[in-house]
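K.L.:
First the structure, which I've put down as structure tokens, then a few questions once you've had a look.
The values are calculated or read from the model by the stated rules, or taken from the named source; none is laboratory data. Computed from a predicted structure; not experimentally measured. Cβ placement follows ideal geometry from the backbone for every residue including glycine, while neighbour counts extend to all protein chains displayed.
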Amino acid sequence: MRLVVAVLLLASLLACASDPPAARPAPTGGSAAPSTAGAPTDSQQPGKLRFTEIAELEQPVAMAVRKGDDRLYVAEQTGRLRTSDGATVIDLSREVSTGNEQGLLGVAFHPTGRWVYLDWTDAQGDTHVTEWAYDGTRATARRDVLVQDQPYANHNGGQLAFGPDGHLYIGLGDGGSAGDPEGNGQDLGTLLGKILRIDPRGDPYEVPEDNPFTGRAGVRPEIWAYGLRNPWRFTFDRATGDLWIGDVGQNAWEEVDHQPADSEGGENYGWNVREGNSPYRDGGGDDLVDPVIVYPLNEGGNCSVIAGHVYRGQKIPWLRGRFLYGDFCAGWVRAAPVADLDDAAEVGEVDQLSSFGEGPDGELYALSLQGLLYRIEPA
């Protein structure tokens, strides 16, 4: 029974809401092509992947690695940060909210490995980004870096990642309900519906001077990108620095957005004026950036996009330079060359896929809400 409840909770967390869709044309094209650095050659035809079980956990939803540490660190939605060898590093199980799209949702390590950051929702449903000092054995000196009130229980985002610039990027959904009733996605006066960029080693944090909205009256300077509904997972390409964002859709379309490494930030990805490439609500937005991947909700069981990584490892030559992504409900995993994202091929399947992870060597992992951590290998 517990597993059934957990599945329903995360399905609700990721899946689209049910307000009626407006008429929408078919998706058309994307934004500028991503960098082709390390792209597969014509002779490297896509194959199939094997998902080898390496650990069993409880509702794993996010993974991170730490400098100088061979272990994989996995966040369980129920509140614990655990390692791939079974140790518990932090236990928030008595503090996290457990309903709907809540719990422990994200983890990232500071580039030095000295601090660990968790994204989680408290008993009132509000989001915390919390820091601990960590020496590889004990997590101490706990402090909140950022706290965000949540008006509804869903669309909490939760992804944390340090970019190539050493800053912490934080994903926050639009605040929840259906259709973004408060208009948070397009409102630059709130952190909701955004990806933030901060230096967490401040009091409580610092805003980088080169953030796109620094110094603008009435605008939150922490904002790096906006117009997002629920950016459940985003990743940085370790070779190029490009940012890939999986934004969970509302009624009709799932989308992946792409931000090149030379971006100065400030991109508007369109929600709730637009869902995918299609109009959602009346009104306009400034310089909307097209998604690079769009696929329909409900077709074949699709419900929620799970953004993965551009593969930069060595063990699967044909996968190099391909972007890996999947769908939580349908379970398929696809790989697409970064230079031709329309040429995606289905390469495997993971039941209740909740997230991907990347090891220090560039090899990839997949997490299932059923409790399994998989290493991705050639079939």
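K.L.:
So which strands (runs of 3 or more DSSP E) are wholly in segment 315-379 and hold at least 3 residues that are at pLDDT 95 or above and more than 18 Å from Glu255 (Cβ to Cβ)?
P.N.:
Strands (runs of 3 or more DSSP E) meeting the threshold: 345-349, 353-358, 364-368, 372-378.
K.L.:
Among the residues of segment 105-152, how many are under 17 Å from Arg66 (Cα atoms) and either in contact with a Pro (Cβ under 9 Å, 6 or more places away or on another chain) or of a type in the set (D, E, K, R) (or both)?
P.N.:
Adding up the residues that qualify gives 8.
K.L.:
Could you check Ser177 against (1) of a type in the set (S, T, N, Q); (2) at positive phi; (3) buried (at least 19 other Cβ atoms within 10 Å of the Cβ) and say which number it fails?
P.N.:
(3)
K.L.:
Considering only residues that are buried (at least 17 other Cβ atoms within 10 Å of the Cβ) and either touching a Leu at 6+ places or on another chain (Cβ under 9 Å) or not in a strand (DSSP E or B) (or both), which ones fall in segment 286-306?
P.N.:
Val289, Asp290, Pro291, Val292, Ile293, Leu297, Asn302, Cys303, Ser304, Val305, Ile306
K.L.:
Quick one: in segment 206-253, which of the residues that are of a type in the set (Asp, Glu) and in contact with an Asp or Glu (Cβ under 7 Å, 6 or more places away or on another chain) is nearest to Gly163 (Cα to Cα)?
P.N.:
Within segment 206-253, the match that is nearest to Gly163 (Cα to Cα) is Glu206.
K.L.:
With (1) closer than 23 Å to Gly183 by Cβ; (2) crowded, with 23+ Cβ neighbours inside 10 Å as the list, and Val338 as the residue in question, which single condition is left unmet?
P.N.:
(1)
K.L.:
Do we have Thr190 as touching a helix residue (DSSP H, G or I) at 6+ places or on another chain (Cβ under 6 Å), touching a residue at least 12 places away in the same chain (Cβ under 8 Å) and surrounded by fewer than 24 Cβ atoms within 10 Å (Cβ to Cβ) here?
P.N.:
yes
K.L.:
Given Thr240, Thr214, which one is of a type outside the set (D, E, K, R), farther than 20 Å from Gly308 by Cα and more than 13 Å from the chain's Cα centre (by Cα)?
P.N.:
Thr214
K.L.:
Okay, next question. If Trp120 satisfies every condition in (1) of a type in the set (A, V, I, L, M, F, W, C); (2) in contact (Cβ under 8 Å) with a residue 40 or more places away in the chain; (3) surrounded by fewer than 19 Cβ atoms within 10 Å (Cβ to Cβ) but one, which is the exception?
P.N.:
Only one criterion in (1) of a type in the set (A, V, I, L, M, F, W, C); (2) in contact (Cβ under 8 Å) with a residue 40 or more places away in the chain; (3) surrounded by fewer than 19 Cβ atoms within 10 Å (Cβ to Cβ) is unmet by Trp120, namely (3).
K.L.:
Check Asp85, Asp70, Asp91, Asp19 and return the single one that is modelled with pLDDT under 70 and among the acidic types (Asp, Glu).
P.N.:
Criteria check complete, one pass: Asp19.
K.L.:
Within segment 275-317, work out how many residues are more than 20 Å from Asp343 (Cα to Cα) and over 20 Å from the mean Cα position of the chain (by Cα).
P.N.:
16
K.L.:
Going by the conditions given, is Asp327 more than 23 Å from Gly362 (Cβ to Cβ) and in contact (Cβ under 8 Å) with a residue 60 or more places away in the chain?
P.N.:
yes
K.L.:
Pull up segment 71-92, narrow it to residues that are small (Gly, Ala, Ser) and outside any strand (DSSP E or B), then point me to the one that is nearest to Ile170 (Cα to Cα).
P.N.:
The selected residue is Gly79.
K.L.:
Also, quick follow-up: From the list Thr52, Thr137, which one is over 20 Å from Ile170 (Cβ atoms) and free of Cβ contacts under 8 Å to residues at least 12 places away in the same chain?
P.N.:
Just one listed residue meets the conditions, Thr137.
K.L.:
Go through segment 249-286 and give me each residue that's hydroxyl-bearing (Ser, Thr, Tyr) and closer than 21 Å to Ile306 by Cβ.
P.N.:
Tyr269 - this is the single residue of segment 249-286 that is hydroxyl-bearing (Ser, Thr, Tyr) and closer than 21 Å to Ile306 by Cβ.
K.L.:
Check segment 93-101 and report whether any residue there is among the β-branched types (Val, Ile, Thr), buried (at least 19 other Cβ atoms within 10 Å of the Cβ) and not in a strand (DSSP E or B).
P.N.:
yes
K.L.:
Please work out if Val145 is over 11 Å from Gly158 (Cβ atoms) and surrounded by 14 or more Cβ atoms within 10 Å (Cβ to Cβ).
P.N.:
Spelling it out, Val145 is indeed over 11 Å from Gly158 (Cβ atoms) and surrounded by 14 or more Cβ atoms within 10 Å (Cβ to Cβ).
K.L.:
Of the residues Asp203, Asp210, which single one is surrounded by fewer than 17 Cβ atoms within 10 Å (Cβ to Cβ) and without any contact (Cβ under 8 Å) to a residue 12 or more places away in the chain?
P.N.:
Asp203
K.L.:
Let me ask something additional. Could you look through segment 62-78, keep only residues that are closer than 13 Å to Tyr117 by Cα and of a type outside the set (Ser, Thr, Tyr), and pick out the one that is farthest from the chain's Cα centre (by Cα)?
P.N.:
Arg66
K.L.:
Within segment 254-270, is even one residue among the aromatic types (Phe, Trp, Tyr) and surrounded by fewer than 24 Cβ atoms within 10 Å (Cβ to Cβ)?
P.N.:
no
K.L.:
Where residues in segment 341-367 are within 25 Å of Phe162 (Cβ to Cβ) and among the small types (Gly, Ala, Ser), which of them is surrounded by the most Cβ atoms within 10 Å (Cβ to Cβ)?
P.N.:
If we take residues in segment 341-367 being within 25 Å of Phe162 (Cβ to Cβ) and among the small types (Gly, Ala, Ser), then Ser355 is surrounded by the most Cβ atoms within 10 Å (Cβ to Cβ).
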